[in-house]
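Working notes for the structure below.
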Amino acid sequence: MKKYTANYTYTNPNFVIQNLVTNQTNADLIPILYVTKNILQRGFPTTLSKYLQSELGEIHKLDNFEERFLFATNQTPNWNDTIKGDKDNNYYPAKYFFEKIISNEFGEYSFIQSLIIPEIQINEIIGEENKNFINQQVDFYLPQAKLVIEIDGQQHKLDEVTRVSDSIRDTFLSSKGITTVRINTVEFQNGTYILKVETILTHLKRFEKLLSYYKNACEKIERNQMSGDEIKTKLLPTAIIRFQVLLLELLTYNYLTFEEDWNFNILAHENLPDFADLAIKDLLIWINKLWQLKSKHELKKPNFNIEITNYKNQFQPISKAINIDFSLFKRYTDENKISEDVIFVRTDYFDVVKDKNYFRVSTTEPINYNVTDEDKPIIEFFLDNIFDKSNFREGQFPIISNVLNRKDTIGLLPTGGGKSLCYQLPCLLQPSINFVVCPIKSLMYDQNDNLIKTLITNVSFITSDLEVEDRREIERNFEQGRYLFVWISPEKFQIPTFREKISAIVANFSIAYAVVDEVHCLSEWGHDFRTSYLNLAKTIDKLSPKDENGEGKIKFIGLTATASVNVLKDIKIEFSRQKQRLEDENIKSLLDYSRKELQFEVINDNGNKNQKIREILEDLKDTESFIETTEKAGLVFTPNVNGAYGCYQVSNTLNAIYQNKVSWFSGDIPKRDVIDENTGRRIGTEPVMERDEFNKFKQRVQKDFKENKYQLLVATKAFGMGIDKQNIHYTFHYGLPSSVEALYQEAGRAGRWDKRKEENKNKIGKCFVLYSPETHDYERVQRLFHKDTTFAEIKEICEEVKWNGRDIFKQVFLFTQGQNDIEKDFEIILGVIRNYFKENSKSRIFWSDAYSKLKINNDALQKAIYRLSLLGVVNDWTTNFIDHFEVHFNSLEERHIIKSVSDYITKYEPNVDIKTEVQRFEQNSIFEKSVLYLLNWTFENIAYGRKQSLKTLSDWCSEFEDSESFKQRIDSYFIFSETTFVLQHIAENPEEFEKWFEVLLTKNQFPNKAEFDKLKDSISRFLESYRNNVGLNFLSGFVRLALKEFDDSDGKERFESSLSSIKETFTKDQQSVFLYRLKVLGKNLTEEQKVNLSQSISKFYPEILEELAEYYDLAYLLNDVYSQKLQELKKLNKRLYEQLAKI
């Protein structure tokens, strides 16, 4: 007997198939059949296909869809041999109780006779394998009332030498919430059993609400009073799904093939019109579509014949047909043993999915569908039938097709572009389990909730917010293959026992995809970098089984809205496996990043954000009814948790004005000031609530916000990146975000309504940025943004400004506060080696010990371990997230360290001679020199990237004119165009100067101002990742020159830096060709620009100034030269005169 959980409606979800022989399998069809089976069982209940909806209606949209119709009858179940007794003396007290006492003395509850299961094992009741109760059974169990009934004094019980004592059994069951009532055979004889019956009836009254569903259904069934709607929306869909699951099993085990006709001989105990016919036609549509997708041709559909009767006396098994005894209202018994040539389909006794969900993901090797553009209509069939979306949004199909072709894939889609679907649909089209690594808990809950609303319920999440027992149960279910996919926090992969669970799943099932959501968090260069992502991709790849080429079978899907150039490179490297990096063809992105439904407005708040946001909110309240109704929602993003700009204080301020309309959300617990009662002075801070309360608060706030209980949420970036709330009309940035990426991610939470719907086509989302330009002198800001300003100098500038800075310096302060000094990190790494290093062995580092010896927390310790892994000194590390890391050390062999550092750095700067660079440091050993070099390189490049990203956005905000031009800048920044690919080539091959001029001459035409503006924004994205790239510096400088922005720190300084590099590194011939092409290009500039160009060139090549002056017809360029030469001639004449005088 096999058990299943599946349904299209709210009736009994669980059923069984008896007498099914499960030996030979249909190997060719197995992957397709398993995918179909998983799709049909994806939820309880799940939606009908579009075909079935055309026949039965959109039942999931009916007001009464969630009303339960639970099967029960007054017919006595036919148990032949299962209920035990004393055969020798023909004494069966348990059978007498079941067949006589229940029906005669249970009154209104007599219907429970059809719900009671006899001789069930204790371990089956509790749903776990307890070794103390193996093969231990109870006489009767009523799952709906968690009631065990034991008939004591029977001979067979007395004869069982392995029987656990009654008291131990009863106590154990009680601990599981199950009540036991015992009736002794003596009580049957003297009539006192009636007291136990009363005890049972009293117990049943506690479950009256649930049992009333059965009672009502029983009365309707017995009186044949079921309405046409109940038959059509409750019974018929249930019969169809059960028959479809049966068909899939018959195909799997070769009862049916596609080469022969299908003949069915069915005894249907309920009169349900055409259920078998509808089930077959619908199933063939599903299978044929999958077959077409996989094999590129249609499946040959079999002819089928159905003979069906509702009368048992008219049913005769025949040899050339599949004989089926099918009933919804009957629960299984042992009657199937009498007719072993008949397949029985019956309802199970457990009706609550939470207690018994028999679903297991059907798995085999994942399918490479070899998808082409011609397959799009077929994949849209699954999109429509599973997600109720008729077509893809722009950019989704290229990602999904690449994923279905079993390629590691990076998908870049704008916020609100439907990234989640890009993994959900491929996962459901594979005969496999999948997992989603997600950095933000609120995002997990949101995606889980959205799928459940889509009636895909066999999914779950694992987070630290769960109670310990709940978390263990979900992990156990995951290991047992009960979920199609699970959202997992990245930290779990550093826990050895969780790695073992993944290994167990790999051993018993198949895993198709490891989805890394918000994949930009994986890169240390990213603004949302998470320590927990360290080593993630490498760990998953280690756990993955390998194919014949040594490639991991678990394929990566990385999804994000944005990724800087270095972040994207990092992701490509992390997903590279054995290759140097993931091929560009596996990066799928949009050609248009503009969000037409969004309007941007940058507002100079003159340092008074509190006043400005209240003015905006009041205006929106008056003109657009915001705050007044639940129709529209808004998000305020603050740069931090605490203080005047923190989400907690801003929320409290706004909530005082708009009472009960505003709440807050943060990743860390906010702190409030502690005031000395005597002096009134602030003496410290304390958390506003305890950790457990905070975790529950966050979940509640997210849920309440989604349900429109608040109109405004004030949050840090910890509020999930991919949160799907469709009525967010407004976002407010309470200060300058850290980058264009951060602005785009966060502003993009607005406008997430379905643009394909007619009623949404004219909706507009408004994104406000409250910006306070710096009041400090221009020179200091320029010094901050100079490309060669070091991390130490940045900290010095911050110290000079102190608390007087505005938006730019607040962001720089937040960054520098989170970083140690290089010297501090250097000492930490040396301390880890000094105290814990054991060559080629594992070492357990306790956090308390590291704090005692090195005065560092576990996060700083893990970063040090990560740095040591880049040096090749650490191979791997795990943690129990309680008190220690377990670190697998390699050796301190010098050549190995140099190679490891070189492998890491040259991924970003391919032309660096690492051995030479390392030797520049004065430390004693190669190890120490390498540590210091790595730290200096990392700090300077990360600090440079952060401030350059901040500069880009601050420039945009300072130059803001209108929403359309601002959105054009966003598009130019993110778009993957021909120019972008050339810039990428220049970034990786900086000395190929012919490519530089290719960028500056589109189709041999000198760009106009609008084209230069676009080019500037495209280049700015690359500058954030490349500090000293000669090609990018040249382009940035020349573009700024052409735009009359040469004095900007990305203008003249970069241009002259590139000229210096050219003079030092290019050959004479290369310099000659370059200078000639630059001279010709300069012909397109204005006179003033030609002067600036010539002056910069002449600093490094003074010998060609005359040539430039003549070429550009700028004779006055030589005034200084001629004046200087005249002075030299005068000096020469004077010396000659003096010499002649002596003679």
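The values are calculated or read from the model by the stated rules, or taken from the named source; none is laboratory data. It should be emphasised that the depicted structure is a prediction, and the values quoted were computed from it without experimental measurement. Note: ideal-geometry Cβ built from the backbone for every residue, glycine included; neighbour counts use all protein chains shown.
Details
- Scanning the stretch 790-810 for residues that are of a type in the set (A, V, I, L, M, F, W, C) and either under 15 Å from Y944 (Cα atoms) or surrounded by 15 or more Cβ atoms within 10 Å (Cβ to Cβ) (or both) yields F791, A792, I794, I797, C798, V801, I808, F809.
- The stretch 253-301, residues that are among the polar types (S, T, N, Q) and within 26 Å of L383 (Cβ to Cβ): N288, Q292, S295
- Across the stretch 854-881, the qualifying residues are those that are within 18 Å of K838 (Cβ to Cβ), in contact (Cβ under 8 Å) with a residue 24 or more places away in the chain and β-branched (V, I, T), and the one among them that is surrounded by the most Cβ atoms within 10 Å (Cβ to Cβ) is V873.
- Test result for V650, among the β-branched types (V, I, T), part of a strand (DSSP E or B), touching a residue at least 60 places away in the same chain (Cβ under 8 Å) and surrounded by 13 or more Cβ atoms within 10 Å (Cβ to Cβ): no
- Qualifying residue in the stretch 59-68 (condition: in a loop (DSSP other than H, G, I, E, B), touching a residue at least 40 places away in the same chain (Cβ under 8 Å) and of a type in the set (D, E)): yes
- Restricting attention to the stretch 710-749, the residues being among the aliphatic types (A, V, I, L, M) and closer than 16 Å to D446 by Cβ number 6.
- Options S1049, S1036: the member that is assigned to a loop (DSSP other than H, G, I, E, B) and closer than 30 Å to T906 by Cα: S1049
- Counting the residues of the stretch 699-715 that are modelled with pLDDT of 90 or more, crowded, with 16+ Cβ neighbours inside 10 Å and not hydrophobic (A, V, I, L, M, F, W, C) gives 2.
- Qualifying positions in the stretch 658-693 - surrounded by 13 or more Cβ atoms within 10 Å (Cβ to Cβ) and assigned to a strand (DSSP E or B): V662, S663, W664, F665, K671, R672, P687
- Neighbours by Cβ (under 6 Å, 6+ apart or cross-chain): first from the stretch 1004-1015, surrounded by fewer than 17 Cβ atoms within 10 Å (Cβ to Cβ); second part of a loop (DSSP other than H, G, I, E, B): F1006/N1084
- Segments classed as strands (runs of 3 or more DSSP E), wholly inside the stretch 249-352, with at least 2 members that are buried (at least 21 other Cβ atoms within 10 Å of the Cβ): 262-268, 322-331, 343-347
- For the stretch 183-210, taking the residues that are touching a helix residue (DSSP H, G or I) at 6+ places or on another chain (Cβ under 7 Å) and over 18 Å from I112 (Cβ atoms), the one that is modelled with the highest pLDDT is identified as E187.
Matching residues to (1) assigned by TED's automatic domain parsing to the domain that holds A27; (2) out of contact with any helix residue (DSSP H, G or I) (no Cβ under 7 Å at 6 or more places or on another chain); (3) free of Cβ contacts under 8 Å to residues at least 24 places away in the same chain:
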{"residue": "F329", "(1), (2), (3)": "yes, no, no"}
{"residue": "K337", "(1), (2), (3)": "yes, yes, no"}
{"residue": "T364", "(1), (2), (3)": "no, no, no"}
{"residue": "G395", "(1), (2), (3)": "no, yes, no"}
{"residue": "V403", "(1), (2), (3)": "no, no, no"}
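- Selection from the stretch 762-789 of residues that are under 36 Å from the mean Cα position of the chain (by Cα), β-branched (V, I, T) and surrounded by 15 or more Cβ atoms within 10 Å (Cβ to Cβ): V769
- Screening the stretch 444-483 for residues that are without any contact (Cβ under 8 Å) to a residue 12 or more places away in the chain and assigned to a helix (DSSP H, G or I) and picking the one that is nearest to D692 (Cα to Cα) gives V468.
- When we screen E585, E628, E615, E597 for residues that are within 26 Å of K967 (Cβ to Cβ) and without any contact (Cβ under 8 Å) to a residue 12 or more places away in the chain, the only hit is E615.
- Looking at T179, T192, T171, just one residue is closer than 20 Å to N104 by Cα and either in contact with a Leu (Cβ under 6 Å, 6 or more places away or on another chain) or not assigned by TED's automatic domain parsing to the domain that holds E335 (or both), and that residue is T192.
- Filtering Y744, Y734 for residues that are under 19 Å from the mean Cα position of the chain (by Cα) and hydroxyl-bearing (S, T, Y) leaves a single hit, Y744.
- Any hit, the stretch 989-997, residues being in a loop (DSSP other than H, G, I, E, B), within 21 Å of S1057 (Cβ to Cβ) and at pLDDT 90 or above: yes
- Note on the stretch 2-32: residues that are hydroxyl-bearing (S, T, Y) and surrounded by fewer than 17 Cβ atoms within 10 Å (Cβ to Cβ) total 2.
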